[in-house]
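Some notes on the structure that comes next.
Values quoted throughout were computed directly from the atomic coordinates according to the rules given, and no laboratory measurement underlies them. If you're wondering where the values come from, they're calculated on a predicted model, not measured in any experiment. Don't worry about glycine lacking a Cβ; one is built from the backbone with ideal geometry, like all the others, and counts go over all protein chains shown.
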Amino acid sequence: MNAKIPVDLILRNIEESRKTTRKKLRRATAVLTSKLDTDISTTPYRIVYEEDRVKLKHYRPEQVKCQTPLLIIYALINRETMLDLQPRRSVVESLLAQGVEIYMVDWGYPTRKDQYLTIGDHVNGFIANIVDFICKEKKIEQLNIMGICMGGVFSIIYTALNPHRVKNLVTTVTPSNFDTDKGLLNVWMKQTDAQILGDVYANMPGDIMNLGFLLLNPARLIIDKYVGFIQNIDDKNYVENFIRMEKWIFDSPDVPAATFREFIDELYKKNLLIDSKLVIDGERVDLQKITMPVLNFYGRFDHLVPPEMCGLLTSRIGSSDKEDICFDTGHIGIYVSSKCQREFAPKIAAWLLARDNKNESLQSEEKHGQKRQALQALL
């Protein structure tokens, strides 16, 4: 005996779903046209240095506990505002609360005149000039550096070429080993003709890169995300957080063509960095010259920079004080998830403070030893 299909029930459910969806959409329109707190990058700062399109932000804590300032170098892709997305969920705010003085690079928006800028121009030009400026202003010889994603690659290169300038190095979701097929982005990049893209667009358009990132996981990043937004439309905090993130995602500067081409050809395709074979402005980037303390963070579920691209770094550098930390998160979650907010910035601050004080103690002991030797010589 065939079971009777409950057509009436199905139709009633469809009608109810339709009414609910229409109600949610009307509510979404009302919410999106209302006054919302969706500003990002609200922590106060000063612009203390400018060079062409590049600016340097300075954040000073109420009480400085770490005597060595931290320079944060973000990627050229998207914007550094990710680290200060909203109050109480801000890496910058958390580091300041723990006494870390911050300088952060704002790469600005490249134009056609920037299309010939290479990795070397960014590392030996902008970054080197910024480091020199900070050291001169603070009357110090070294600073701490924290690099993020592509900015982490720049940080590794700068540190290997200028180890005397870097006291401690922190890398976060930073690719260093490109010899892996983990992650669809790796597969795509190795098939990309960066020269043609540069010839067509001058610079690599941020909008095209954004589209590519979305297509890596369209079901989650396009469909599920906006369905979730509609379902949570009555939650004001959820809506404001959602819009802040959208503002950041779609604030996508272009990447200078020459830098993009080098990144694809020298790193993704030839994997020169991890083997210390990368040459920048005629000088080999030798990872063994990175002898200062290194803290390396990455995300277990990062679909853009999977763990296989990050975890090999500490085995190739010359430092004996090195640590890998893997969070159960994705590429962006390491900066904005509630759990990581409780652990990420506090870990960085504690790690820097421990080495700041340790180095000061060693210097103090060395000075006392020199005084004792001088006194004994007089006696």
Calculate one ³J(HN,Hα) per residue across the stretch 88-94 by plugging θ = phi - 60° into the Karplus curve 6.51 cos²θ - 1.76 cosθ + 1.60, and present them in order as whole Hz with x for glycine and proline.
-> 6, 9, 9, 4, 4, 4, 5
Karplus couplings for the stretch 278-290 from phi (6.51 cos²θ - 1.76 cosθ + 1.60, θ = phi - 60°), rounded to Hz, Gly and Pro as x?
-> 5, 10, 10, 6, x, 10, 6, 8, 8, 5, 5, 7, 7
Do any trypsin sites (Lys or Arg not before Pro) in the stretch 258-329 lie in a loop, going by DSSP, with at most 16 other beta-carbon atoms within 10 Å of their beta carbon, and if so which?
-> K270, K277, R300
Taking the chain as the reference, fit the longest principal axis to its C-alpha atoms, fit the long axis of helix 236-249 to the helix C-alpha atoms, and give the angle between the two in degrees, 0 to 90, nearest 10.
-> 60 degrees
Count the DSSP beta bridges whose two residues both fall in the chain, then state the antiparallel fraction as a percent rounded to the nearest 5.
-> 35 percent
Kirkwood-based shape ratio for the chain, expressed as Rg/Rh from alpha carbons | 1.06
What's the exposure ranking of Y158, Y116, going from fewest to most Cβ atoms within 10 Å?
-> Y116, Y158
In whole percent, what relative contact order does the chain give with Cα contacts below 8 Å and a gap of six or more residues?
-> 20 percent
Quick one: what are the phi-derived ³J(HN,Hα) couplings along the stretch 36-48, Karplus 6.51/-1.76/1.60 with θ = phi - 60°, whole Hz, x for glycine and proline?
-> 10, 8, 10, 5, 10, 6, 9, 5, x, 8, 10, 7, 10
Spelling it out for T171: with amide H atoms placed in the peptide plane at 1.01 Å from N, the residues 5 or more places away or on another chain with amide H under 5 Å from its amide H are G147, L295, N296, F297
All lysines inside 22 Å of K57 as judged from Cα atoms, apart from same-chain residues fewer than 8 positions distant | K65, K136, K138, K139, K167, K247
The set of residues whose placed amide H lies less than 5 Å from the amide H of G183, leaving out same-chain residues fewer than 5 positions away, is none
Percent antiparallel among DSSP beta bridges (both partners in the stretch 187-327, rounded to 5) = 35 percent
Among I317, I249, I334, which one moves the most in a GNM of the chain with springs linking Cα atoms closer than 10 Å?
-> I249
